[in-house]
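The values are calculated or read from the model by the stated rules, or taken from the named source; none is laboratory data. Not measured: the values here are computed from a predicted model. Neighbour counts are summed over all protein chains in view; Cβ atoms, including those assigned to glycine, are modelled from backbone coordinates with ideal geometry. In case anyone asks, the SASA skips ligands and DNA or RNA and just uses the protein heavy atoms, side chains included. Shrake-Rupley method; radii C 1.70, N 1.55, O 1.52, S 1.80 Å.
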Amino acid sequence: MHNKTLAELSLGLQAKTYSSVELTQLFLDRINQHQQLNAYITVTPELAMAQAKVADQRLANGTADLLTGIPIAQKDIFCTQDVMTTCGSKMLANFSAPYNATVVDKFNQAGAIMLGKLNMDEFAMGSSNETSYFGAVRNPWNLNSVPGGSSGGSAAAVSARLAACATGTDTGGSIRQPAALCGITGLKPTYGRVSRYGMIAYASSLDQGGPMTRNAEDAAIVLQTMAGFDEKDSTSVDVPVPDYRAGLNKSLAGLKIGLPKEFFGEGLDENVAATLATAFDEYRRLGAEIIDITMPNLKLAIPAYYVIAPAECSANLSRFDGVRYGYRCENPVDLTDLYTRSRGEGFGKEVKRRILMGTYALSTGYYDAYYLKAQKIRRLISEDFKAALASVDVIMGPVTPSTAFGIGEKIDDPIAMYLSDIYTIAINLAGVPAMSIPAGFVAGMPVGLQLIGDYFSEDRLLNIAHQYQQVTDWHNFIPTGFE
Amino acid sequence: MEWETVIGLEIHTQLSTRSKIFSGAATAYGAEPNTQACAVDLGLPGVLPVLNQEAVRMAVIFGMAIEANIAPYSVFARKNYFYPDLPKGYQISQMDHPIVGIGHLDIEVDGEIKRIGVTRAHLEEDAGKSLHEDFHGLTGIDLNRAGTPLLEIVSEPDMRNAKEAVAYMRKLHELVRYLGICDGNMQEGSFRCDANVSVRPKGQAEFGTRAEIKNINSFKFVEKAINHEVERQIAVIESGGKVVQETRLYDSVKDETRSMRSKEEANDYRYFPDPDLLPVIIDEAFKAKIKAELPELPDAKKLRFKADYHLDEESIAILTASRALADYFEAVHKKSGCEAKLCANWITGDLSAALNKAGLEIGSSPINEERLSGLLLRINDGTISGKIAKQVFELLWQSAESTDHIIAEQGLTQISDTGAIVAIIDKIIAENPNQVEQYRSGKDKMFAFFVGQVMKAMQGKANPAEVNKILKERL
Amino acid sequence: MSLTADEVNKIAHLARLGIDKQDVAAYANDLSGMLDLMTRMSEVNTDDVEPMAHPMDQAQRLRVDKVTELNHREAFQAIAPQVEAGLYLVPKVIE
């Protein structure tokens, strides 16, 4: 049962083949069984059971939605009222959120069951889920490999069937990269599509929450619930939410796929490249046309990102000062001591690195050279996307340069870690939507294919992904030991 | 050495919106600590700001009142620093693109009009409050005030002495109250002034190093603080020293400014556009709508009062001190049809005195325009004398009755019946032969005695003019 | 482009971030590495390019001036490190 897709489970619940209580217990048992993955920070069995009972009532009296009764898990970056919300950090290890994120409210209204909060890189900063205060998460496909980050717990949980789906957030690739490394489907929506209210901020102009699921159909169902205008979020866009499942089966005949040459140069593992080439052939068979394009400013995405994101985060994280909530150091001697020690003891190394970098980039004398320059490059990159998407329907490329690396391999080389974001980062700068879908394996480890679309073209992306998943099986493979 | 003083003022006005600038929490003064600090105000993880439209309207209407440029595109920026009353570790303010640009305010000092430039005015959020009451050696923080909208108004360094500074401050104080955007209550902190003061040798074009004086919460203190600071700076320079650019606090008890020891080195605020907020776009339609709501401003009103009502300067100043009082006067003038002077006298005199005594503003006056008009009408048409009118005024204040009702009930109608007056006067003359003798032998002051006696006998209801006329005849 | 330990300490103070003495050199190294990455940005001329703060070309939405938040002090202060008489307590602030 745990191997059924969300869509299948929903049908099963509607048909009363099993109850939500049964399904929830099943997943709770699996979570307990597979603690070695360290995917969960907090499991909420009592809450889940209570929700499941209510869901079963709704299923009985015909007021159920597609997600009613479905066991899900939330990345521990979304505030969940009266439930620990740690953001993978010691700073919030004791933080019981006094309110719900808008996204969480939406899932509650839909009747979804929350199994718990998922592990993540600390404050969403990382690409391997090794910076979490609560320990590294393991990749279900190889327990000595990283699952990716920052939504590593989310990807591992879905991959190992420890939840029917999970939420993630993506600032520089944090949904897509772990999805690729764990062999699941992940979608980063257009900036402004999903409310950021209650989603602990890393880089405000780049963060977006999105679904992490077994396949595109499931992602469509989950996105339907997550998406929508929120008046509590000034950056939320008031654009109608389409029916994301309506166009899943549209034919791809005549689809124009752009492949930026900048994505296929040095640095891409040749086996990954070969796997993707096979995927492109599959798309040709589906009727698509592959077109070579160029996006000349893509190479500047990493420096621009690593100025903008740290700059925004350095200010976003200033609120963590030991005064109103969160970690406070013992016996502070004065105010400065309270701040420096609470923050020094509460934050991990990677977070500190980025705060220092951001503070530096914004400081007197450096603003123009770094921050302003980065925002200008951002516009150039955005224009590259606009130009490309005017001539093709979708852009495709790799998600990661290689398959999952080993735990401990890159953590002491932050620059190397940053460089592995090369394919995903530009998308966040532009704000366009993108997906990662399973496209094959190299030495038994999953490879992801990235799909990038125009603003608010999530329905099209889901269609393009879904059609591929009708003729391939990569998304149905199960990691050994988790069958 | 002749010195010239250069003064610029930065005034923070708390806008009188119902809710905070970026959240829906209340802004009312005096609530229990932290009962008006919502999740957004507390800077909880994950919360986001949404802009209050009323704060925008108030900023724009202020800009229009000082004939300033209203920015079609303005941006909120984060001002980063650490202080316990600043929950997010940054204040949302405006840096490169303030909502209001260059404008001006005309002040009058010693009969001369001077134009003071306003460099800009921008919106920002207020911080909370630190209560230094000893909590076992700790400080208590109340965040109720955090997030209250502020309009920071920055003047050009155009003022040359403390008098001009006070005049500018008063003018601004009057203006923001007229516009209804700030209640101007300095005790409660709704109107806060920082003064930037420097000196330079007369004739020098370059400005001297300036010091910023904070913590000034009254007009009186502004004048004292500035004068003291000027003296201090001159003394420093004349004894061979240099003025340090720093922030100083004014101590009203000692009447001196002192350096703020605890404030660290010049803060690097690392301003950058707030990514949680989008640019504020103000189009022509929005501006036109607000322009239409611009009330008659104090200067224009004063000129009109002079031209239309021919009142003296002092009366005009009092009547136009607040829009509400000016409106009250004009309503009474219109309703009663009486002379402006009569209306003005009663309002600036008896009514104002009564309001002050009771601690009330004109808006809460127990005697509204209607009822005061009624009183003035009856004075004007001779039904009651001015003296009796004061009695009626007391009763109007205490009850909800009309003037006519009170007059009838109390039997206060002025007696102008000649026959009745003659009778009483003859009686009094007959009863007071000594005083009659004294008066007739030249003691003019005795006349008042007789007037008093007549009034007493007639319970004040006699028409004074008639009494005088007849007394003169009979004595 | 490399940062000195002194500069790192200055930045850390601006950010009120406690860093261990023995880690300063490592942070200096990491930051210098990041700054080297930044030099790539100067490869392109951006003189005539408008900075982009947001992906969306949108105006700030305005909220109606209404009190919508009730008093939740108890819930908010239940998670606070130190409160008394409804106030958040911090080491004494010298003015």
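Data overview
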item	result
The range A:87-124 - residue that is out of contact with any strand residue (DSSP E or B) (no Cβ under 9 Å at 6 or more places or on another chain) and among the small types (Gly, Ala, Ser) and, of those, surrounded by the fewest Cβ atoms within 10 Å (Cβ to Cβ)	A:110
Any hit, the range B:8-15, residues being over 30 Å from residue A:334 (Cα atoms), more than 10 Å from chain A (Cβ to nearest Cβ) and in a loop (DSSP other than H, G, I, E, B)	yes
Count of residues meeting criterion [in contact with a helix residue (DSSP H, G or I) (Cβ under 7 Å, 6 or more places away or on another chain), under 14 Å from residue B:94 (Cβ atoms) and β-branched (Val, Ile, Thr)] in the range B:55-79	2
Top-ranked residue of the range C:6-40 - restricted to ones that are small (Gly, Ala, Ser) and more than 9 Å from every other protein chain (Cβ to nearest Cβ), ranked as farthest from the chain's Cα centre (by Cα)	C:25
Residues of the range B:98-152 classified as more than 28 Å from residue B:69 (Cβ to Cβ), assigned to a loop (DSSP other than H, G, I, E, B) and open to solvent by less than 10 Å² (accessible area, probe 1.4 Å), total	3
Residues of the range C:41-91 that turn out to be more than 10 Å from chain A (Cβ to nearest Cβ), among the hydrophobic types (A, V, I, L, M, F, W, C) and over 29 Å from residue B:55 (Cα atoms), as a count	1
The range B:25-45 - residue that is crowded, with 22+ Cβ neighbours inside 10 Å, of a type in the set (Gly, Ala, Ser) and in a loop (DSSP other than H, G, I, E, B) and, of those, farthest from the other protein chains (Cβ to nearest Cβ)	B:37
Unmet criterion (only one of (1) within 14 Å of another protein chain (Cβ to nearest Cβ); (2) modelled with pLDDT under 90) for residue B:255	(1)
Among the residues listed as A:259, A:276, A:317, the single one being surrounded by fewer than 22 Cβ atoms within 10 Å (Cβ to Cβ) and either at pLDDT 95 or above or away from chain B (no Cβ under 14 Å) (or both)	A:259
Residue in the range B:428-438 that is without any contact (Cβ under 8 Å) to a residue 24 or more places away in the chain and not in a helix (DSSP H, G or I) present	yes
Inter-residue pairs, beta-carbon under 6 Å, first closer than 11 Å to residue A:399 by Cβ and in the range A:166-178, second modelled with pLDDT of 95 or more and open to solvent by 10 Å² or more (accessible area, probe 1.4 Å), 6+ apart	A:177/A:400
Test: residue in the range B:338-352 that is among the polar types (S, T, N, Q) and within 14 Å of chain A (Cβ to nearest Cβ)	no
Residue satisfying all of: in the range A:61-120; of a type in the set (Ser, Thr, Tyr) and within 12 Å of chain B (Cβ to nearest Cβ); farthest from residue A:8 (Cα to Cα) among these	A:89
Residues of the range C:32-90 classified as over 30 Å from residue A:360 (Cα atoms) and polar (S, T, N, Q), total	4
Scan of the range B:75-97 for residues that are assigned to a loop (DSSP other than H, G, I, E, B), over 11 Å from residue A:318 (Cβ atoms) and either more than 10 Å from every other protein chain (Cβ to nearest Cβ) or not aromatic (Phe, Trp, Tyr) (or both), ordered by number	B:75, B:84, B:85, B:94, B:95, B:96, B:97
Subset tally (residues that are acidic (Asp, Glu) and closer than 26 Å to residue A:239 by Cβ) for the range A:454-483	3
Condition check for residue B:113: touching a His at 6+ places or on another chain (Cβ under 9 Å) and either more than 30 Å from residue C:84 (Cβ to Cβ) or free of Cβ contacts under 8 Å to residues at least 40 places away in the same chain (or both)	no
Residues of the range A:262-273 classified as of a type outside the set (Val, Ile, Thr), surrounded by 13 or more Cβ atoms within 10 Å (Cβ to Cβ) and either outside any loop (DSSP other than H, G, I, E, B) or touching a helix residue (DSSP H, G or I) at 6+ places or on another chain (Cβ under 6 Å) (or both), total	4
Any helices (runs of 4 or more DSSP H) falling wholly within the range A:125-230 and containing at least 3 residues that are open to solvent by 10 Å² or more (accessible area, probe 1.4 Å)	A:216-226
Residue that is farthest from the chain's Cα centre (by Cα), among those in the range B:355-387 that are open to solvent by less than 70 Å² (accessible area, probe 1.4 Å) and either on the phi > 0 side of the Ramachandran plot or charged (D, E, K, R) (or both)	B:382
Flag for residue B:461 being at pLDDT below 85 and surrounded by fewer than 16 Cβ atoms within 10 Å (Cβ to Cβ)	no
Selection from the range A:64-86 of residues that are closer than 18 Å to residue B:39 by Cβ, open to solvent by less than 10 Å² (accessible area, probe 1.4 Å) and assigned to a strand (DSSP E or B)	A:78
Among residues of the range B:106-151, those that are closer than 26 Å to residue B:27 by Cβ, modelled with pLDDT of 95 or more and among the hydrophobic types (A, V, I, L, M, F, W, C), counted	9
